[in-house]
Every structure is written in C-alpha cells, then in structure tokens.
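Quick note: the coordinates plus some simple rules give every number you see, no bench work behind them. Quantities reported herein were computed from a predicted structural model and do not represent experimental measurements. Don't worry about glycine lacking a Cβ; one is built from the backbone with ideal geometry, like all the others, and counts go over all protein chains shown.
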Amino acid sequence: MKPKKSKKKILLYPPYEKWHSVYNPTIKLLSKEYELIYSPKEAVSTGKFSKVLRSPLVKYLYYRLFRPYFSLREFKSRIKRPQKTIINCDLIFASNCIPPGQSPYILDLENITALGGYDYNRLDINNIRIALEDPRCKQIICWNEICKSSLINTINCSKLLNKITVIPFSIKSDKIPIKPTKETLNLLFVSSVNNVHDFELKGGIITLKVFEYLSKKYQNIHLTIRAHVPQWVKKKYGHFKRINLIEGFLPDEKMKELFLNSDILLEPVPGINLLLESMNYAISTISFNFWMIPEMVIDGYSGLLVDSKSFLGDPSNMKDYLINLNLRWMRLYSKKINPKIVEEFIDKAELLIKDKNLRKTMEKNAKGLISPQGKYYFDSRNKKILRIFNQILN
C-alpha cells in the first residue's frame, strides 16, 4: 500500500488577519485540495476610538491634512500584526500585499493602491514593478477589470501582462421562490453585508432624499434600511412613513428573508458582496457607475446606473481618480447633495416603479449573471482558481 501523498502547503498572507468575507468560498475551495496555513485572530475592539474614527470631520481632516505624513492603516497593522518570519510553505497566496520571504506567491489584488496602504501617494511604483516582474511572483489575480486597469495604468506592465488575469468573486446561485405579484414595492438599502456603520459611505443620504420624493408620489413603496443611522438623519427623516429601520446585524436566515422580500436595491455605492446577493435573489439595482459597479450591474440589463463622474471622479483619468478617491468619497457625508444627482436617481427609480415588466426582466437578467454561462457563475470561478494553483504547484 502506497503511503498517502502529503498535501502541498499554501500560506494565506497575511496569516494573522481575518480576510474579507468575499474570500470565504475561495478559502473553503483551496482547503479541500491543499493544506492551508491561516490562523486569523479576532479583531481587537477599539471602542470609543473606532467611533471617533468614523466621524466625518475626523475622516476629512485625516485625508486632507494628515495622510501625506501619517498612515493610520500602517500604524494599526504594526500594532495588530507584529512582523513574523514567513512559515515554510510551497506557495503564498497574498491578499493585497507583496509578501516577504523567498517563497513563490500569487498576488490577489483589489486595487493598485492596496500596495500602498490604499494611498496612491505611498505607492513605491518602481519597487512594486521590480517585485512583480520577479519570477517569484507567479500570478496576479485582479478582482475585476477596473482593478486591472488601475494596475496597468499605474505601473509599466509590459513584462507582466502574461501574469495578470481577472477572476471576479462569485457566490452559489440558490434556488429561490418565484416572487408573488403584489401591490407593494419594497426598496432596499444595506450599508454593507458585514458592516452596519457604512450608511453614509454607501450613499444612504442620497437614498433617503430619493425616497422622500418617491414616497409622496407612490403610496405603494416601502424602504428597508439595514444600517446604523446617525442621529441627525433620524431627526430629519424619522417622521417618514413606510421606512423599516434595522440597525443591528442580522443572522443569515433573517438576511435571506430580507433579500427575498425586496424588489429594488436602491444604493448609490453597494459593495461586491451585496451586488452578488442581489444577483442571487434576483433584485434589480439602481446605483452609481462607480469603480467595479458597471461590471456587476449591467446598465439597462440587470439594473440602472447613474453617472458618478461629477461626484466621485472619472476613471478614464486613473491617476487623478485614485489620488482623490478618498476625499471625493467624503462628499457622500454631505447633508446637501447636488439636486441633479438626486433627480437622476429618482428618474431611474421611477422607470422600475412604473414598468413592472422591465423590472421583472432585469430581475431575471440579474439572476442569470450567477447562473451557468453567467459572468459570475460560481463553478467557473472555482475552476479558474484551481487551474492556476494546480499549474503552479503540480
């Protein structure tokens, strides 16, 4: 009887930080084929300090005045994740950083600025290029096409192109019941699947301004907000009828129920997880055409998009877009949003409110994006990921 062949070892780097939940299916997939070295520690609660950091004024002052000289992200990583010797392994799978040591690695990248602590001005462009050209770097997996664009428009990638591939995240497509015909229409805003404190950053103020108009004109629409809402917002909009406010985390079954009862995601800046869930539960989406959103919400097909160039910048000028991204994001905290932007969201929402057939078609198309032949089909991502790791390790 032949001895059982030992599994190759993959180090998930950084190994002591809990990776973003979008990675969970990938980690589960790799763990079936390889031995993973990954020991994330529970995040340490910073209590009142975290509350201070969420203050719009503190954030603005940080991005405007202090960030060129002091990186809070670097400071926190030094405190929470002490530098340790890289553990012996066959391959490193690195999330948004170039790992130290000599082992070969695959870089998984959200945005080129991740290699500078999400600060364009801290990118050491020449050394990053040298590191990525080195044979030690086996593959660069970009989260989406705009991530790839941020890479090739920032760094000379002429010697890297054969290493770069785009493999978007995906989730399993669940069988969901056919939505019953009903008079009410449920709009949904979720600050983040994982973070209830992103109300403003996801465009919650815009959503409320849009609903303020729509609720007066259409008596059959309701809005559910799953987010921690600032006190000033409650005072201003708390008298609204037909708003269901859920400020805490919901267990998976309750989140599933929330998605199943929703018809339109009305959220200017949704994240990847939320957009995938909207596909899964056949929810049409109205959002800005910001960053990766146009890749996930196909305008006029699975949802409707509002141009964000005047508000959040133009990605065709990638350098300016990335340098000023955080400061422009601060505009989402403003109590006085440009009325033209609100009007554009209202126009898009009214299209779906008035045209039930259009809405139903978009719901079907959204579901199709994570079904077989769809761009975000779960099995396709898994095959592509395994092919890369198998080619390198076997």
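Rounded to the nearest Å, what's the spacing between the alpha carbon centres of region 237-306 and region 187-223? Just the number, please. So the separation of the two Cα centres works out to 9 Å. Ordered by the count of other Cβ atoms within 10 Å of each Cβ, fewest first, F211, F311, F249 give F249, F311, F211. Our summary gives region 185-368 a relative contact order of 24 percent, counting only alpha carbon pairs under 8 angstrom and 6 or more residues apart. For region 290-364, applying the loop criterion from DSSP together with a ceiling of 15 other beta carbons within 10 Å to the trypsin sites (Lys or Arg not before Pro) yields K335, K336.
Residues of region 204-239 with an amide N closer than 18 Å to a point placed 7 Å from the Cα of S310 along the Cα-to-Cβ direction: 206-207, 209-210.
Once backbone amide H atoms are built at 1.01 Å from N, L185 has I221, H222 as its partners under 5 Å, excluding neighbours fewer than 5 places away on the same chain.
Rounded to the nearest 0.05, the FRET efficiency derived from the C-beta distance between E212 and K28 at R0 = 41 Å is 0.45. Please compute the net charge surrounding N156, taking Lys and Arg as +1 and Asp and Glu as -1 over other residues with Cβ under 15 Å from its Cβ. After counting each charged neighbour, the total is +2. By the count of neighbouring beta-carbon atoms within 10 Å, fewest first, M279, M296 end up ordered M296, M279.
Taking a straight Cα-Cα cut-off under 15 Å and skipping sequence neighbours fewer than 8 places away in the same chain, the aspartates and glutamates within cross-link reach of K41 are E17.
At q = 0.15, 0.16, 0.17 Å⁻¹ the log10 of I(q)/I(0) for region 185-368 amounts to -0.84, -0.97, -1.10, computed by Debye summation with a single uniform scatterer per C-alpha, solvent ignored. By other beta-carbon atoms within 10 Å, ranking S173, S287 with the fewest at the front produces S173, S287. The slack in the chain from N394 to N195, taken as 0.36 nm per residue of separation less the alpha-carbon distance, amounts to 67.7 nm. The modelled label-to-label distance between T184 and N244, using points 7 Å beyond Cα along the C-beta direction, is 0.6 nm. The length gained on full extension between S371 and Q231, counted as 0.36 nm times the residue separation minus their Cα-Cα distance, comes to 46.3 nm. Set the bar at 26 Å for Cα to Cα. Now go through K138/K172; K148/K348; K256/K336; K179/K254 and name every pair that lies beyond it. Beyond 26 Å between Cα atoms: K138/K172; K148/K348; K256/K336.
At full extension, L260 and K340 could sit 25.6 nm farther apart than now, given 0.36 nm per residue minus the alpha carbon distance.
Residue-wise HN-Hα couplings along region 111-123, as the Karplus relation 6.51 cos²θ - 1.76 cosθ + 1.60 with θ = phi - 60° gives them from phi, are 6, 3, 5, 4, 6, x, x, 6, 10, 4, 5, 9, 6 Hz; Gly and Pro carry x. Taking the chain as a Gaussian network of alpha-carbon nodes connected by springs under 10 Å, the highest mean-square fluctuation of the residues I353, I178, I246 belongs to I178. Under the combined filter of DSSP loop state and at most 13 neighbouring Cβ atoms within 10 Å, region 143-247 retains these trypsin sites (Lys or Arg not before Pro): K159, K172, K175, K182, K241.
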